[in-house]
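Reviewing the structure listed below.
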Amino acid sequence: MGLRASHGYRVIGLISGTSIDGIDVAAADLHAEADTVVLTPLGELDVPYPEPLREALLAALPPNPCTAGELTRLDTGVGQAFADAARRGAGELAGGSADLVASLGQTVYHWVEDGHVRGTLQLGQPAWIAERTGLPVCADLRARDVAAGGHGAPLAGTLDQLWLRGLAQDTGRPVAALNLGGIANITVVAPGVPVLAYDTGPANALLDLAAHRVTGRRSDVDGRLALGGSVRADLLDRLLTDPYFAAAPPKSTGKEHFNAGYLDTATAGLDPVGDGDLLATLTELTAVTVAGECRRHGVTTVIASGGGVANPALMAALARTLSPAALKTSDDFGLPGAGKEAYLTALLGWLTWCGVPGTVPSATGARGPRLLGALVPGRGPLTLPAPLGGNVTRLRVAEKAG
């Protein structure tokens, strides 16, 4: 059964990824046409965290200890930062008005045990967003999928399967969306088979950690260190023995696994690794693990987005290891890569708002599709639209009018 046509809703999407650089904000108009959701991007913002908050978040990540008191302070601090970002998004991107804010929050722990996700924790109390904007907020978007037996990640499969289904059918070949955040994840869309989406391993998480250790900066700016170094085969081989890479999907991971302790263990006992060689090797690790998974699924086109797209060393390594598959960016297909995860968040919020499940069970491993998130009222009573009914099967990215 197809969806009823709906009038549009303007949604602000918010997320901070595993790199913990700041808050990605996007505003989108969304409406349904038959079985297609039409997403019109209105603009994106990158709002940095206040430095004391960012440092406190990094200090709370595994394997560091963290108290209940510190978690409470961080939940409030992140909530307030997200509230400010949402207000900016509404004012600067959405013409001063919006219908809904959707927040994926800040993931600080993803509890994986024996290949199963037992829980996941995102900070950023949504009541602060509702209080500051007056808008209803859809938040805590991962927990229901986890409760249904899924990994709660990567939720990017929801957008990617709708967006890329037409391209896969037109070419008759598998297509993959690749997100290069702290963790790299892919969504594989192929004609006639269930969608796969999972985390392939680290991307910026280890690269940024190594860059900070050797330069004091947050990242390897323009990939300069990596481009000036050489891959250390002994270190790469050791990194690739991690059981995560051989595990079958669905699977998910985060900084609770790929962190400072992980890097220390990997380099222990080896001949000293130069700064450039370390960055070059970690770049190659991301490229090799991504390319291996894409090759396993017969992917012929890879569409990249996320912060890693701005790293020339990483993109060059990916182009080389993915060949003969073509490497493109989401901007090439009309969806701004800098804000793709925030647009995903807006889509997830809209789906819940309209009564449409927002999960892809074949991607997350859940027992079935589920409505996601918890809704926090805004300034007035929480009044939901009538459920659209049916299923969304496609997504079309439209150009902003004017």
At 1.306 mPa s and 10 °C, Stokes D of the range 212-269 from Kirkwood alpha-carbon radius, µm² per second: 117 µm²/s
Loop trypsin sites (Lys or Arg not before Pro), the range 78-126, which have at most 12 other Cβ atoms in a 10 Å radius of their Cβ (DSSP): none
Other-chain or far-sequence residues with amide H under 5 Å of A326's (modelled H): T301, V302
log₁₀ of I(q)/I(0) at q = 0.09, 0.12, 0.14, 0.19 Å⁻¹ - the range 18-134, Debye sum with one point per alpha carbon: -0.30, -0.52, -0.67, -1.02
Scattering profile of the chain at q = 0.12, 0.14 Å⁻¹ [log10 I(q)/I(0), Debye over alpha-carbon scatterers]: -0.91, -1.26
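Ratio of Rg to Rh for the range 277-402, alpha carbon only, Kirkwood?
Values: Rg = 18.8 Å, Rh = 17.6 Å.
With Rh from the inverse mean 1/r over Cα pairs, Rg/Rh is 1.06.
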Probe 1.4 Å - accessible area at T300, Å² to nearest ten: 40 Å²
The chain: most fluctuating residue of V221, V392, V288 per GNM, C-alpha cutoff 10 Å: V221
Max mean-square fluctuation residue, GNM over the chain, Cα-Cα springs under 10 Å, options G13, G269, G339: G269
Qualifying trypsin sites (Lys or Arg not before Pro) in the range 358-402, DSSP loop, other Cβ atoms within 10 Å at most 16: R367, R379, K400
Whole-percent pair-distance distribution, where bins are 5 Å wide, for the alpha carbons of the range 68-115: 5, 17, 21, 17, 14, 11, 9, 5, 2, 0
Inter-part distance where the range 80-153 and the range 182-247 are each reduced to a Cα centre, Å: 25 Å
Positive-end residue of V175, T393, T281, charge dipole of the chain with Cβ unit charges: T393
Scaled radius of gyration (Cα, divided by 2.2 N^0.38 Å) that the range 148-302 gives: 1.11
Exposure ranking of W128, W350 by accessible area [1.4 Å probe, largest first]: W128, W350
Solvent-accessible area of V193 with every protein chain in place, 1.4 Å probe, in Å² to the nearest 10: 80 Å²
Nearest-ten-degree value, helix 340-353 long axis tilted from longest Cα axis of the chain: 40 degrees
For the range 1-143: relative contact order, % (alpha-carbon pairs under 8 angstrom, 6 or more apart): 26 percent
Cα-based radius of gyration of the range 332-382 once divided by 2.2 N^0.38 Å, which approximates compact folds: 1.39
Percent carbon-and-sulfur accessible area, the chain, ignoring ligands, DNA and RNA, probe 1.4 Å: 53 percent
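For the range 99-248, give the magnitude of the charge dipole about the Cα centre (Cβ charges: +1 Lys/Arg, -1 Asp/Glu; no others), in debye to the nearest 20.
On the way: 12 positive and 15 negative charges, 48 e Å.
Computed about the Cα centre, the dipole is about 220 debye.
Top to bottom by accessible area (1.4 Å), largest first, where do F258, F245 land?
Details: F258 0, F245 30 Å².
So, going from the largest accessible area down, we get F245, F258.
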Residues of the chain: accessible area per residue with a 1.4 Å probe, Å²: 40 Å²
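For the range 174-232, what is the convex hull volume of the alpha-carbon atoms per residue, in Å³?
Given the Cα convex hull of the range 174-232, per-residue volume reads 100 Å³.
The values are calculated or read from the model by the stated rules, or taken from the named source; none is laboratory data. Everything numeric here is computed off the predicted structure, so don't read it as measured data. As a convention, Cβ positions derive from the backbone with ideal geometry for all residues, glycine included, and neighbour counts pool all protein chains shown. Side chains are part of the model used for accessible areas, which takes the heavy atoms of the whole protein and leaves out ligands, DNA and RNA. Shrake-Rupley method; radii C 1.70, N 1.55, O 1.52, S 1.80 Å.
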